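Below you'll find the structure, written out as structure tokens, and then a few comments.
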Amino acid sequence: MLKFDEILVGGLALSFVIQILYHGLVFARLVYYKPRPKNVSHLPVSVVIVARNEYHNLIKMLEPILNQDYPQFEVVVVNDNSDDETHFFLRELEKSYAHLKVVQIDQSLNFFKGKKFPLSIGIKSASYDTLLHTDANSVIHSDQWIRSMQGAFQEKTQIVLGYAPYKVEAGFLNKLIRFDAFMAALNYLSLALLRIPYKGVGRNLAYSKSMFYQKKGFIAHYKVDLGDDDLFINQAANKINTAICIEPESFVYSNAEKKIGFWLEQKKRQLSTSRLYKSKHRLFLMIYPISLFVFYVFSLTLLILNNWLIVVLILFIARLLSFILIQKSALSKLKEQKLLLLSPLLELLLFSLLGMVMGLNIFNRKK
């Protein structure tokens with residue numbers, strides 16, 4: 001009959017193998033990814049932005065988009081019941097930019113929270129089939145953004161997933177939030193390359209208008225506050241129609257939260273949509289965090305029992321080296337700075353916090 005510590009060693013070894021396989025078979029997809037030749041057709045593009053009381057953000061973010069180096073595009077801004085200076089700013093800007101289209105929503109016709117209704121209005125108002133999405137509080141740093149994202153469309157591509165990092169600022173919380181965005185991207189970009197696309201990020205996302213209507217838009221999850229990006233992509237993406245774009249010119253940056261409480265509340269809301277993913281995606285996404293949890297808990301338990309110390313040490317170091325090698329390459333690929341040395345600590349802290357947040361979501365689930 002197996003002893004307790006032998007069961008722990010067996011579980012530790014299994015979790016170690018799962019972690020190494022995930023590093024080598026999933027995350028390595030992004031590490032060794034080589035972009036396909038760009039589509040040079042330069043099809044017209046509609047950039048769609050929903051704004052509600054975003055006057056101060058629109059001042060900074062709109063003109064870099066309006067001045068993109070691209071032959072034919074329009075920028076559709078949906079002003080969703082703003083009561084600040086947004087309306088006057090947009091009307092003034094329209095005088096200088098003929099390719100700016102402002103859609104004004106003055107009455108609250110949206111019976112549910114979130115931006116799915118105004119975003120649907122923006123999509124309906126778009127003149128072109130290729131839609132490129134970002135948020136009003138994001139910033140585009142390159143005039144090649146549209147060209148990069150549109151260039152990732154191939155013959156059968158209907159969806160392009162982009163990368164949306166947070167700006168580098170001082171402080172540990174900034175590093176944690178940036179690492180969270182990086183790990184999320186490492187997951188959804190790698191799985192898309194593995195032909196298991198399951199989500200996108202609305203701050204940097206492109207898809208065709210025709211596909212949006214073919215999939216009946218947001219109808220399947222309209223009553224859910226969030227999910228205009230990840231739930232829609234989870235519903236619409238498949239192994240053939242999805243591509244990624246990770247050229248630095250395509251990155252869209254945002255400011256990270258300054259207080260951990262606000263960030264945790266944001267994560268709580270974001271994670272609440274993941275329970276609506278397809279079952280196969282939910283099961284696949286559980287593999288990495290559960291095996292990581294088992295690896296650390298069983299390692300700690302064996303250390304406390306003072307048994308199998310050499311085995312624990314060897315597996316811990318081997319797993320750490322595998323993790324660091326993947327992180328080094330992936331961080332470099334996505335141009336993330338000053339995260340590598342802290343990445344083992346950040347990973348442990350991040351997944352602990354996310355586990356706590358998911359637990360709270362289970363007990364506080366709203367109907």
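The table below gives the values:
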{"item": "Single unsatisfied condition, Y97 versus (1) part of a strand (DSSP E or B); (2) closer than 15 Å to V47 by Cβ", "result": "(1)"}
{"item": "Selection count where residues are within 22 Å of K124 (Cα to Cα) and of a type outside the set (V, I, T), scope the stretch 38-52", "result": "6"}
{"item": "Lone qualifier among E74, E92 - being of a type in the set (D, E), loosely packed, with under 15 Cβ neighbours inside 10 Å and farther than 28 Å from L350 by Cα", "result": "E92"}
{"item": "Hits in the stretch 210-227 (condition: of a type in the set (V, I, T) and without any contact (Cβ under 8 Å) to a residue 24 or more places away in the chain)", "result": "I219"}
{"item": "Flag if V77 is at pLDDT 95 or above, part of a strand (DSSP E or B), touching a helix residue (DSSP H, G or I) at 6+ places or on another chain (Cβ under 7 Å) and hydrophobic (A, V, I, L, M, F, W, C)", "result": "yes"}
{"item": "Pair list, Cβ under 8 Å, 6 or more apart: the stretch 23-37 residue in contact (Cβ under 8 Å) with a residue 40 or more places away in the chain, other residue surrounded by 14 or more Cβ atoms within 10 Å (Cβ to Cβ) and among the basic types (K, R)", "result": "L30/K333; V31/K333; Y33/K333"}
{"item": "Condition met for L100 (out of contact with any Asp or Glu (no Cβ under 8 Å at 6 or more places or on another chain), surrounded by 15 or more Cβ atoms within 10 Å (Cβ to Cβ) and touching a residue at least 12 places away in the same chain (Cβ under 8 Å))", "result": "no"}
{"item": "Residue list for the stretch 13-25, restricted to those being closer than 21 Å to L325 by Cβ and aliphatic (A, V, I, L, M)", "result": "A13, V17, I18, I20, L21, L25"}
{"item": "Among the candidates N67, N81, residue that is in the same structural domain as G200 (by TED's automatic domain parsing), polar (S, T, N, Q) and under 23 Å from C245 (Cβ atoms)", "result": "N67"}
{"item": "Search result, residues across the stretch 39-71 that are among the hydrophobic types (A, V, I, L, M, F, W, C) and in a helix (DSSP H, G or I)", "result": "L58, I59, M61, L62, I65, L66"}
{"item": "Q327 being under 19 Å from the mean Cα position of the chain (by Cα), within 20 Å of G200 (Cβ to Cβ) and free of Cβ contacts under 8 Å to residues at least 60 places away in the same chain", "result": "no"}
{"item": "Condition met for K199 (buried (at least 23 other Cβ atoms within 10 Å of the Cβ) and either outside any loop (DSSP other than H, G, I, E, B) or touching a residue at least 40 places away in the same chain (Cβ under 8 Å) (or both))", "result": "yes"}
{"item": "Residue check for N137: polar (S, T, N, Q) and in contact with a helix residue (DSSP H, G or I) (Cβ under 9 Å, 6 or more places away or on another chain)", "result": "yes"}
{"item": "Restricting the stretch 266-293 to residues that are β-branched (V, I, T) and in a helix (DSSP H, G or I), the residue that is farthest from G355 (Cα to Cα)", "result": "I287"}
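The values are calculated or read from the model by the stated rules, or taken from the named source; none is laboratory data. As the structure is a computational prediction, the values presented were derived from the model and not from experiment. When we count neighbours, we look across all protein chains shown, and the Cβ atoms used for this are built from the backbone with ideal geometry, even at glycine.
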